[in-house]
1. What number of residues within the stretch A:171-199 satisfy the criterion of being of a type in the set (A, V, I, L, M, F, W, C) and under 23 Å from A:ALA19 (Cα atoms)?
2. Could you say whether any residue in the stretch A:166-182 is away from chain B (no Cβ under 11 Å), of a type in the set (D, E, K, R) and open to solvent by 20 Å² or more (accessible area, probe 1.4 Å)?
3. Find the residue count for the stretch B:31-47, including only residues that are open to solvent by less than 40 Å² (accessible area, probe 1.4 Å) and touching a residue at least 12 places away in the same chain (Cβ under 8 Å).
4. Take the residues in the stretch B:210-264 that are basic (Lys, Arg) and in contact (Cβ under 8 Å) with a residue 40 or more places away in the chain; name whichever of them is surrounded by the fewest Cβ atoms within 10 Å (Cβ to Cβ).
5. Being of a type outside the set (Lys, Arg), surrounded by 24 or more Cβ atoms within 10 Å (Cβ to Cβ) and part of a loop (DSSP other than H, G, I, E, B): is that true of A:GLY345 here?
6. Check the stretch A:99-109 and report whether any residue there is farther than 30 Å from A:ARG47 by Cα, surrounded by fewer than 17 Cβ atoms within 10 Å (Cβ to Cβ) and over 24 Å from the mean Cα position of the chain (by Cα).
7. Count, please, the residues in the stretch A:361-390 that happen to be out of contact with any strand residue (DSSP E or B) (no Cβ under 6 Å at 6 or more places or on another chain), in contact (Cβ under 8 Å) with a residue 40 or more places away in the chain and over 30 Å from A:VAL80 (Cβ atoms).
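The values are calculated or read from the model by the stated rules, or taken from the named source; none is laboratory data. Owing to the predicted nature of the structure, the values given are computational and were not obtained by experimental measurement. As a convention, Cβ positions derive from the backbone with ideal geometry for all residues, glycine included, and neighbour counts pool all protein chains shown. Ligands, DNA and RNA are excluded from the accessible area calculation, which covers all protein heavy atoms including side chains. Shrake-Rupley method; radii C 1.70, N 1.55, O 1.52, S 1.80 Å.
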Number of protein chains: 2
Amino acid sequence: MTAPLLRPRHDPSDQARFARSAAAAQGSGLRTEDFADWLAGRRLAHRFSVDRIPFAELDGWSFDEASGNLGHRSGRFFTVEGLHVSTGEGPFREWHQPIIKQPEVGILGLLVKEFDGVLHVLMQAKMEPGNRNLLQLSPTVQATRSNYTKVHKGSDVRYIEYFTQPGRGRVLADSLQSEHGSWFFRKSNRNMIVEAVGEVPPHEDFCWLTFGQIGELLHLDNVVNMDARTVLSCAPLGGGERDGSALLPDGELLSWFTAERSRHEVRVRRTALGSLPGWRRGADAIDREDGRYFSVVAVGVQAGSREVASWSQPLFEPCGLGVTAFLLRRIGGVPHLLAHARVEGGFLDTVELGPTVQYTPENYAHLAKEDRPPFLDLVLAADPGRIRYEAVHSEEGGRFLNAESRYLLVEVDETEVPLDPPPGYAWVTPGQLTWLVRHGHYLNVQGRTLLACLNATAVRG
Amino acid sequence: MTAPLLRPRHDPSDQARFARSAAAAQGSGLRTEDFADWLAGRRLAHRFSVDRIPFAELDGWSFDEASGNLGHRSGRFFTVEGLHVSTGEGPFREWHQPIIKQPEVGILGLLVKEFDGVLHVLMQAKMEPGNRNLLQLSPTVQATRSNYTKVHKGSDVRYIEYFTQPGRGRVLADSLQSEHGSWFFRKSNRNMIVEAVGEVPPHEDFCWLTFGQIGELLHLDNVVNMDARTVLSCAPLGGGERDGSALLPDGELLSWFTAERSRHEVRVRRTALGSLPGWRRGADAIDREDGRYFSVVAVGVQAGSREVASWSQPLFEPCGLGVTAFLLRRIGGVPHLLAHARVEGGFLDTVELGPTVQYTPENYAHLAKEDRPPFLDLVLAADPGRIRYEAVHSEEGGRFLNAESRYLLVEVDETEVPLDPPPGYAWVTPGQLTWLVRHGHYLNVQGRTLLACLNATAVRG
């Protein structure tokens, strides 16, 4: 054995390359000001239509006679089942809800490559039936296992070989990250960033952009889809190495998180969709008598640019626009975010870190003042001069219909939120979140969206 | 806000302090050569007896009429239920087994303190009913939530305040780590190392030892218990920082692990203990007709040094002595261990890294040669000159009866195991494992034992 077999465990040049790309306001491909026309062109090139349909018109999907669970005759894709959650704390100590069960692990992959010495990302114009504007910018690859093992009987997933075949690329990030814990039962996806080896064949639905250009597009409403945002959060754009300073050293942050994960006694039980207290099934929707939270509905899809030409499927449609925000405070000159250790019924392990605020205000409007979510009113009443970032983004358009949230970064000062926040909250730096996101199940998908927005838009100030 | 609020995220002096303690062959307290007498003294000071009893003589424990599950009338402690696991691969594609369900998170805590400038660990002589020699060296604190919330109605857990009350200590390590995935359903414990602030009151069942002294004791059979070993593995004794070289850079190691966790389709379903195919319930044991794997049995305990004076409880009793070994190979002069991404039915998430070999040979003796576990025969036939570490250790004596395994580190060369090992295996450095163990669910409990043995005994060479 000779020493050249060994490689440094850590290559510090990677972080510098990401930073250079984030600072590049234009790249070697599409110019940012031409992006809207390009996306409009892709929209014209394909015919899409999505229509609400009654459950009875779903093709291949049906309710199980015994359980009332909704599933596909192939046994693949996903099922809609029931969930009973009890937490023994807070204004909602126990509840029943429909939940999406999709145990297979998908791949969300960004293919990157240097042009003129700057990393570019291959982004895709992709239709998803639940997005209000249907076509958004998605990662290079967005594939469920059913997708790339061809349960759809459709075409191959383009560029998937870079993420599944050794030697086609160099992996820069690869972790299992959770999806929405309120709507998915223990779902996670591989979030991968791979640098291509060799020439990458072009395709008209794909374009190369720098991280700086994507940061610019993240200021627009409903353009960069959720799958793209979560993988972007895994890029070491905002530091994340263990150097630097913070209010809590890394070891204390890990200890706080471990204590939060240990102190909650969350009991989760899968139940039958057909017998969920408080929920009713009609011909067109499964919803609640009080009209809150979300409904399960069905859509029929006609599309040209997807793996198959037409299909139908269930979607979750939330009630109302979400508000998702990190409070941001400069401590000793260093920006810190107020992270919240959130219980969501579908998490693999009790809690993950989320934004300070992650609520649909309508669902809480009926509560007494002391039961209203902490910091929600502070965000809703924030002076526009304090808002450092704001855009409306869609959640996973392949499973959720018109699920949109207003994402914000709101700066506060020491008179508004103390250094020692209430139980369940901690001040952390963006670099610490980037450090944690190398591993799975620390930061929830909404937190990852805001981390991506913060890191990728930093160039604009 | 002023800058002094900030602290460095990482304090490099911690690692040096652990290294100094690991190098200290004697400390300021008990001398290593006096340890055996001290332990014998503690054994004399307390009366212990443990006897096998029929299930009918269990006090407070009974089989549920409908499910056959075994539980305590208080609803606390743990239950023994059934599990159905299917993996779709290997010689065992599907099986049924009893499993321990104990959803609460316990604390395993080491209290440390500097004497004469060297870190010492407060170790406890603690009786556990399943240990063949009953009394072993355990962490300062070893408490289930039932323990320290007094479901036992016994005495307080000594020194617990250092691990639960802010300001009593400085946390040096704190992570949620899995227990035995073959016998526990998704059980994890907080593994904590806390440096005491102020004087620590002495107690006759406790002694202060350096990490070097504990390393010496780890060469003895059945002295350092499993709970102590797992927390010891969380100490940054063997490096673990991102500097240094390895066959796989850290990013590639994470990607390999993520791929391993994603590629297995493990289906786990909790079932009723009363109707497990292949298992039978007698008056004294639940066991298998073929005599393999383990039995569920019951014991009555009389003890003076435990929180309560006497009790009875179920235990799992494995059949045969386990063999648990890492193959070790110097690559470019740097020691690497051959880690195995293992599926265990009770893991929270599909796979964790384990030793190269972790089997009870008797359970595999009936298999055809091609189905025998990889590398097992290589370990069993290892030349004594290649064995870098060997000792018999007990598994969790509070849940398992006479569960012992021969732990080994066996050095191999390039003619025996290639740099590119079979699927499911990877060469990793001890420093990389120490880096991963800051987070939960990467390294299984057997792997943590061997990491602790490797790191803490390195002083002896």
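1. 8
2. There is at least one residue in the stretch A:166-182 that is away from chain B (no Cβ under 11 Å), of a type in the set (D, E, K, R) and open to solvent by 20 Å² or more (accessible area, probe 1.4 Å).
3. 5
4. Per the stated criteria, the residue is B:ARG242.
5. no
6. The answer is no; no qualifying residue exists.
7. The number of residues fulfilling the criteria is 3.
Yes/no per residue for (1) open to solvent by less than 40 Å² (accessible area, probe 1.4 Å); (2) part of a strand (DSSP E or B); (3) within 25 Å of A:PHE294 (Cα to Cα):
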position	(1), (2), (3)
A:ALA391	yes, yes, yes
A:TYR407	yes, yes, yes
A:VAL410	yes, yes, no
A:GLU414	no, no, no
A:PRO421	yes, no, no
A:GLY431	yes, no, no
